[in-house]
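The values are calculated or read from the model by the stated rules, or taken from the named source; none is laboratory data. Remember, it's a predicted structure, so these values are computed and weren't measured experimentally. Methodologically, a virtual Cβ is constructed for each residue, glycine included, from the backbone with ideal geometry; neighbour enumeration extends over all protein chains shown.
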Ligand code: GDD
């Protein structure tokens, strides 16, 4: 049996994504016309024998209710949102719902609970059954804020071959950018993970952790071990007056466990974890600039996986389409508009005559009036761009003002030019701005 878990985090994690995360949880922000979380979820369709997909986060349940029910119907695989009462960390969140996640695997649950209380003989038998059932069931764990081709069936095959507790998707990146991620060293022959350091200050390796994993159910024993160790240390601390121990252990609560620092680092070099390297695309989506870049990557991927989602420009009244473009069926684009490449237009948007759109995300209910130009920008829900106006940027996805962002219900009046700027919701711009954050 196979279960997939997608870690979606919560509202406090989305600050770098403002002002777009003011309206919508970051995992539901549309990339290539589909919510961010939809891309890993639809990749899960390719996993053989997938029983269930869980999203774990600390957003309000109602924010995910509609999406979860519609995607369950569409995929014909049950998708369920599990809400944490507070952040437990990337491994603690998973551990918090271990009973539900193991529900599909009754033999393992039996082993898991009895092994703690059993006599030595039963212990050996239980461990043996536990080993057999554990080697047959798998948990995929995916970070929601990564964009890649999610080669999940290929990873599963490699994971079975390696026979370890877990397999991590890795990619080679430039040496300068590696320190934003978990850097790791693997054995070039066996692919065993030999060394792991999370966001190191000095360079370790240009191979990094992509935030996509497969684990056997005994990962829960490893996470539980860290949690118990923390509890024991906290008890010891309470009884001890030893200052060094106090300061070393004060900060993290026992139920807060980070997958990278607390699990991957200590298990490296113990023949428990292995790596699977992808040669395909991979990016992390922490900022609106990266959302625009990842929207382009997913649009390009549609050419192979879902070409029906790409606008063709074939209809008699349709706009000219250049390259990869997504247009929601309810959006309207005038036949004299020119759209693309890398443009995604959401529900009920209206694109007027003579409009030019290049590399942008146009969200629901936006109106773009005659002869306006939008380049390297995200235009927020219900915003309006006036006649002959320009909303544009240089397009450096990593720079703070590298793309222009209009928050919800921003009104750019006629003949106004907005360059490399961020405009917060509900503003009206009646004069041109450049390199500004309009609060
Ligand atoms: N449910 C839940 N609860 N999710 C969480 C929590 C939590 O308490 N904390 C983090 N997450 C989710 C985030 O939403 C994200 O999807 C994932 O877990 C990892 O987030 P972080 O722990 O903030 O790590 P990161 O994104 O800075 O880096 C991780 O991912 C990189 C790949 O994108 C690390 O594992 C890096 O090593 C890795 O390179």
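Taking the criterion of being in contact with a strand residue (DSSP E or B) (Cβ under 9 Å, 6 or more places away or on another chain) and surrounded by fewer than 20 Cβ atoms within 10 Å (Cβ to Cβ), the residues of segment 398-413 that qualify are 400, 401, 402, 409, 411, 413. With (1) part of a loop (DSSP other than H, G, I, E, B); (2) under 30 Å from residue 45 (Cα atoms); (3) in contact with a strand residue (DSSP E or B) (Cβ under 7 Å, 6 or more places away or on another chain) as the list, and residue 359 as the residue in question, which single condition is left unmet? Of the numbered conditions (1) part of a loop (DSSP other than H, G, I, E, B); (2) under 30 Å from residue 45 (Cα atoms); (3) in contact with a strand residue (DSSP E or B) (Cβ under 7 Å, 6 or more places away or on another chain), the odd one out for residue 359 is (1). Of all the listed residues (21, 42), the sole one being out of contact with any strand residue (DSSP E or B) (no Cβ under 7 Å at 6 or more places or on another chain), free of Cβ contacts under 8 Å to residues at least 12 places away in the same chain and either outside any helix (DSSP H, G or I) or more than 10 Å from the ligand (Cβ to nearest atom) (or both) is 21.
So which of 341, 329 ends up being out of contact with any strand residue (DSSP E or B) (no Cβ under 8 Å at 6 or more places or on another chain) and in a loop (DSSP other than H, G, I, E, B)?
On the way: 341 fails: out of contact with any strand residue (DSSP E or B) (no Cβ under 8 Å at 6 or more places or on another chain).
Just a single option satisfies the conditions, and that option is 329.
If a residue must be modelled with pLDDT under 90 and either within 16 Å of the ligand (Cβ to nearest atom) or within 20 Å of residue 86 (Cβ to Cβ) (or both), how many such residues does segment 248-274 contain? Selection size over segment 248-274: 7.
Filter segment 1-18 down to residues that are in a loop (DSSP other than H, G, I, E, B) and away from the ligand (no atom under 11 Å from the Cβ) and give me whichever is farthest from residue 421 (Cα to Cα).
Narrowing segment 1-18 to residues in a loop (DSSP other than H, G, I, E, B): 1, 10, 18.
Narrowing further to those that are away from the ligand (no atom under 11 Å from the Cβ): 1, 18.
Values: 1: 49, 18: 13 Å.
Restricting to residues being in a loop (DSSP other than H, G, I, E, B) and away from the ligand (no atom under 11 Å from the Cβ), the top hit is 1.
Only a single criterion out of (1) within 17 Å of residue 412 (Cβ to Cβ); (2) in contact with a strand residue (DSSP E or B) (Cβ under 9 Å, 6 or more places away or on another chain) is not satisfied by residue 334, namely (1).
Criterion first (surrounded by 18 or more Cβ atoms within 10 Å (Cβ to Cβ), away from the ligand (no atom under 14 Å from the Cβ) and closer than 14 Å to residue 326 by Cα) does residue 296 satisfy it? When the stated conditions are applied, residue 296 passes them.
When residue 277 is tested against (1) crowded, with 22+ Cβ neighbours inside 10 Å; (2) more than 10 Å from the ligand (Cβ to nearest atom), only condition (1) is not met.
Sort out which residues of segment 362-387 are in a loop (DSSP other than H, G, I, E, B) and in contact (Cβ under 8 Å) with a residue 60 or more places away in the chain, and write them in order of number. Before the answer, list the steps.
We begin by selecting, within segment 362-387, every residue in a loop (DSSP other than H, G, I, E, B); these are 363-366, 369-372, 380-383, 386-387.
Selection gives 363, 380, 381.
Here 90, 135, 130 are screened, and the one residue that is under 23 Å from residue 276 (Cα atoms), modelled with pLDDT under 95 and assigned to a helix (DSSP H, G or I) is 135. Within segment 2-23, being over 14 Å from the mean Cα position of the chain (by Cα) and crowded, with 19+ Cβ neighbours inside 10 Å holds for 2, 3, 19, 20. In segment 215-247, the qualifying residues are those that are at pLDDT 95 or above and within 15 Å of the ligand (Cβ to nearest atom), and the one that is surrounded by the most Cβ atoms within 10 Å (Cβ to Cβ) is 215. Only residues that are in a loop (DSSP other than H, G, I, E, B) and either under 14 Å from residue 436 (Cβ atoms) or in contact with a helix residue (DSSP H, G or I) (Cβ under 6 Å, 6 or more places away or on another chain) (or both) were counted across segment 391-423, and they come to 11. Give all pairs with beta carbons closer than 8 Å in which a residue from segment 174-191 that is within 23 Å of residue 399 (Cα to Cα) and near the ligand (Cβ under 9 Å from one of its atoms) meets a residue that is assigned to a helix (DSSP H, G or I) and modelled with pLDDT of 95 or more; count only pairs at least 6 apart in sequence or on separate chains. Sorted first by the residue in segment 174-191, then by its partner, the pairs are 182/260; 182/264. Residues of segment 175-227 that are closer than 26 Å to residue 47 by Cβ and assigned to a loop (DSSP other than H, G, I, E, B): 181, 190, 191, 216, 217, 218.
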